[in-house]
Amino acid sequence: MTPSPLHRILDFANRANPYPIYEELRKTPVHHEDDGPYVVSTYYEIRSLLHDPRISSDARNLASTAHDPLAEPGQDDGALPPSFLRLDPPEHDRLRRMTNRSFGPPHCPRRVDGMREELHGIVSGLIDGIGDPGRIDLVDQFSYPFPVTVICRLLGVPREDEARFHTWADTIAASLDPDPDADPAERGKGSHDARMQLGMYLAGLIEERRRNPGDDMLSELATAKSPDGTMTTMELLSTAALLLIAGHETTVNLVTNGMLTLLRNPDVLRRLREDPGLAVPVVEELLRFEPPVQLVPQRTTLADVEVRGVTIPKGASLWLVLASGNRDPQRFENPDRFDPDRKDIQHLGLGSGIHSCFGAPLARLEAQLALSELARRLENPRLLEDPPPYRQNAVLRGPRHLHVACDGIRP
């Protein structure tokens with residue numbers, strides 16, 4: 001019996017190249033089987049549903065009979081309350097507005113751009129520390145430590161505590177990947193303990209920032225008074241944890257998928273080396289071509305919703321396959337071609353609608369700086385393994401290791 005497209009998406013054997021499965025899936029724009037989720041795979045339908053107020057992000061609206069095979073481990077472990085990513089309006093809007101006051105325009109217009117020099121310093125330091133150019137694991141040595149260090153600096157975590165933050169991030173990130181060989185209870189306890197320790201640490205840091213605020217984002221979140229009021233300590237904890245986990249995992253994949261794609265397209269890599277300004281369109285095309293978040297599971301219908309002649313019933317589990325929409329030939333010409341000169345690139349790589357990626361400005365800047373510096377400084381880089389070994393996760397898809405070699409590292 002031929003496995004269904006849904007089972008093939010989840011099958012780790014297809015992680016290195018899921019795109020032929022998505023192509024098949026688009027032939028049935030709304031795919032549903034047995035008691036599983038309704039899977040939407042075409043660009044215009046996904047974009048419409050991302051803006052539809054009848055689609056909920058709150059798991060409490062899921063019907064008891066609905067089944068989601070991608071329910072995230074640890075999501076409801078009780079260590080922290082749901083972040084605004086898992087809430088609907090008006091609670092979502094209030095928390096997101098309050099967080100945005102401390103992150104971007106109009107209240108903090110220079111928050112991200114003001115980090116440019118510091119980000120460049122982190123990138124340079126990591127490349128300087130690579131060591132043997134004959135065998136580099138780009139994930140472990142660069143794209144994994146980079147974004148968590150950035151989040152620490154953004155929040156205002158003291159330098160001496162960054163190593164502890166890295167450890168908690170590693171444990172929580174590992175819990176997001178399925179591991180059929182591990183003891184589920186033991187994995188769950190490890191993730192819960194890491195979240196608890198992270199929460200306790202952040203609670204202490206929040207109290208310290210309330211007494212002695214600095215110019216970091218956590219200080220502003222802890223002390224700001226807005227038209228929406230002030231965040232409670234628990235709301236602050238879940239928001240800070242969201243910035244750590246979501247901001248870290250997606251950027252790791254964006255940078256790693258980006259370098260893998262550039263190494264497979266040496267003409268673009270050469271152009272980027274010669275023109276760092278190309279990093280802006282390169283990253284936008286990467287977000288379309290190899291998005292760090294492949295699909296958005298755990299959406300729920302608040303009413304019966306008709307999509308392409310199919311009625312998705314109230315309370316159903318809904319998956320939106322962003323990576324498939326990004327390769328939809330009805331929307332993009334030659335969608336399987338990596339083309340940074342593409343003129344019309346309104347991709348779904350950072351989502352859309354009220355839940356569009358909150359950290360998009362920072363993620364873009366991190367990837368632009370990382371890829372342009374790697375292109376400039378690695379001399380004659382080449383893949384040692386293609387395809388590389390991938391993470392188990394079907395949602396946050398990216399290589400677990402990316403082994404490359406180069407002839408040397410330029411100053």
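Ranking GLY190, ILE354, VAL307 by Cα position along the charge dipole of the chain, where only Lys, Arg, Asp and Glu carry charges on their C-beta atoms, puts ILE354 farthest toward the positive end. Rounded to whole numbers, the Karplus 3J(HN,Hα) couplings from phi for the stretch 392-406 are 5, 5, 7, 8, 8, 8, x, x, 7, 9, 9, 8, 10, 10, 8 Hz, using 6.51 cos²θ - 1.76 cosθ + 1.60 with θ = phi - 60°, and x at Gly and Pro.
If R0 is 56 Å, the Cβ-Cβ spacing of ALA13 and MET200 corresponds to a FRET efficiency of close to 0.90.
Projected label points at ASP267 and THR28, each 7 Å from Cα along the beta carbon direction, are separated by 3.8 nanometres.
Counting Lys and Arg as +1 and Asp and Glu as -1, each charge on the Cβ, what is the dipole of the stretch 256-381 about the Cα centre in debye, to the nearest 20?
On the way: 16 positive and 17 negative charges, 34 e Å.
Computed about the Cα centre, the dipole is about 160 debye.
Whole Å is fine, so just give me how far the alpha carbon centre of the stretch 27-59 lies from that of the stretch 177-246. Using only Cα atoms, the two centres lie 31 Å from each other.
So how do 147-154, 285-292, 134-141 stack up, highest first, on mean other-Cβ count within 10 Å?
Working: 147-154: 23.1, 285-292: 24.6, 134-141: 17.5.
Packing proxy ranking, top to bottom: 285-292, 147-154, 134-141.
State, to one decimal in nm, how far the label point of THR65 lies from the label point of ALA405, with both points 7 Å from Cα in the Cβ direction. Placing both labels 7 Å beyond Cα along the Cβ direction yields 5.9 nm.
Given contacts defined as C-alpha pairs under 8 Å and at least six residues apart, what's the relative contact order of the stretch 248-329, whole-number percent?
27 percent
At 24 Å minimum axial length over the Cα atoms and a Kyte-Doolittle cut of -1.0, report the qualifying DSSP H helices in the chain, or say none. Membrane-span-like by this criterion, though nothing is claimed about a membrane: 184-211, 233-264, 360-377. When the residues VAL252, VAL293 are ordered by accessible surface, computed with a 1.4 Å probe over the protein chains alone, the sequence from largest down reads VAL293, VAL252.
Label zone (THR233, point 7 Å along Cα-to-C-beta; backbone nitrogen cut-off 18 Å) within the stretch 185-203: 195-203. Judged by the mean number of other Cβ atoms found within 10 Å, the most tightly packed of the peptides 266-275, 199-208, 317-326 leads the ranking 317-326, 199-208, 266-275.
Taking each pair of distinct Cα atoms in the stretch 146-233 once, what is the resulting Kirkwood hydrodynamic radius in Å?
The answer is 14.5 Å.
What is the stretch 283-411 by shape, rounded, prolate or oblate, if you read a ≥ b ≥ c off the alpha carbon gyration tensor as root eigenvalues and call it rounded for a/c under 1.5, prolate for a/b larger than b/c, and oblate otherwise? It comes out prolate by the Cα gyration axes. Packing around the peptides 12-20, 90-98, taken as the average count of other Cβ atoms within 10 Å per residue, puts them in this order, highest first: 90-98, 12-20.
Of the residues VAL293, PHE332, ASN393, the one whose Cα sits farthest towards the positive end of the charge dipole of the stretch 265-411 is ASN393 (charges of +1 on Lys and Arg Cβ, -1 on Asp and Glu Cβ, taken about the Cα centre). What you get for the chain, charging only the Cβ of Lys and Arg (+1) and of Asp and Glu (-1), is a dipole of about 860 debye around the Cα centre. Of the three principal axes defined by the Cα atoms of the stretch 226-358, the extents in descending order read 48, 45, 25 Å.
Calculated from the structure at hand, Cα Rg over 2.2 N^0.38 Å is found among (1) 1.06; (2) 0.97; (3) 1.11 as (2).
Using the rule -39500 (n - 2.57) for each DSSP H run of four or more residues, divided by the residues of the chain, the 222 nm mean residue ellipticity is -13500 deg cm²/dmol. Dividing the convex hull volume of the alpha carbon atoms of the stretch 344-411 by its residue count gives 139 Å³ per residue. Here the calculated FRET efficiency for ARG110 and GLU160, from their Cβ-Cβ distance with R0 = 30 Å, stands at 0.65, rounded to the nearest 0.05. With Rh defined as the Kirkwood radius, the inverse of the mean 1/r over Cα pairs, the Rg/Rh of the stretch 1-146 is 1.05. Classify the stretch 112-268: rounded, prolate or oblate, from the alpha-carbon gyration tensor (a ≥ b ≥ c, eigenvalue square roots; a/c under 1.5 rounded; otherwise prolate if a/b is larger than b/c)? Taking the square roots of the gyration eigenvalues as a ≥ b ≥ c, the stretch 112-268 is oblate.
Each of ASP11, ASP215 has its accessible area taken with a 1.4 Å probe; listed largest first, they run ASP215, ASP11. The dipole here belongs to the stretch 1-143: it is taken about the Cα centre, uses +1 on the Cβ of Lys and Arg and -1 on the Cβ of Asp and Glu, and is about 640 debye.
The values are calculated or read from the model by the stated rules, or taken from the named source; none is laboratory data. Please read all numbers here as calculations on a predicted model, not as lab measurements. When we count neighbours, we look across all protein chains shown, and the Cβ atoms used for this are built from the backbone with ideal geometry, even at glycine. With ligands, DNA and RNA removed, areas are computed over all heavy atoms of the protein, side chains included. Shrake-Rupley method; radii C 1.70, N 1.55, O 1.52, S 1.80 Å.
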